[in-house]
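For reference, the structure discussed in these notes is given below.
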Amino acid sequence: TVLATNTSGSATSAVATLTVTTSQATLSSPLYTNRQFRLTVSQVANLTYVIQANTNLSTTNWVALVTNAAPFTFTDTRATNYPQRFYRAVYRP
């Protein structure tokens, strides 16, 4: 049940069910081939994730590259333009 209270009083809900799911993406199958970097994003099907990239983990300058619903495969065709590049998938509600 949930109890909500404010200056006008309080109300208690009927019995309810709460379901909690994780939205953290699973990144797998990394592969660098033919001058391209590829990875697979999965976890909860149909959740939307933004693939972001950065050349330095000590900064906050992450650049959004693509937005898609899981599961999907991302390919960075510009990977060779950078001496090093880091990737992450961020859940987008």
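The values are calculated or read from the model by the stated rules, or taken from the named source; none is laboratory data. None of the values given here were measured: they were computed from a predicted structure. Keep in mind that these areas ignore ligands, DNA and RNA; they rest on the heavy atoms of the full protein, side chains included. Shrake-Rupley method; radii C 1.70, N 1.55, O 1.52, S 1.80 Å.
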### Task
When a/c is below 1.5 the answer is rounded, else prolate if a/b is larger than b/c, else oblate, so apply that to the chain with a ≥ b ≥ c taken from the square roots of the Cα gyration tensor eigenvalues.
prolate
### Message
I want to verify a result. In a Gaussian network model of the chain, Cα cutoff 10 Å, which of these has the top mean-square fluctuation: Tyr49, Tyr32, Tyr82?
### Response
Tyr82
### Task
Could you provide, to the nearest whole Å², the per residue accessible area of the chain with probe 1.4 Å?
72
### Query
Among Ala16, Ala70, Ala53, which one moves the most in a GNM of the chain with springs linking Cα atoms closer than 10 Å?
Ala16
## Note on the structure
Carbon and sulfur atoms account, in whole percent of the 1.4 Å probe accessible area of the chain, for 50
### Listed residues Phe72, Phe86 arranged by accessible area, highest first, probe 1.4 Å
Phe86, Phe72
### Summary
With 0.36 nm assigned to each residue of separation and the Cα-Cα distance removed, Thr17 to Arg85 gains 20.2 nm
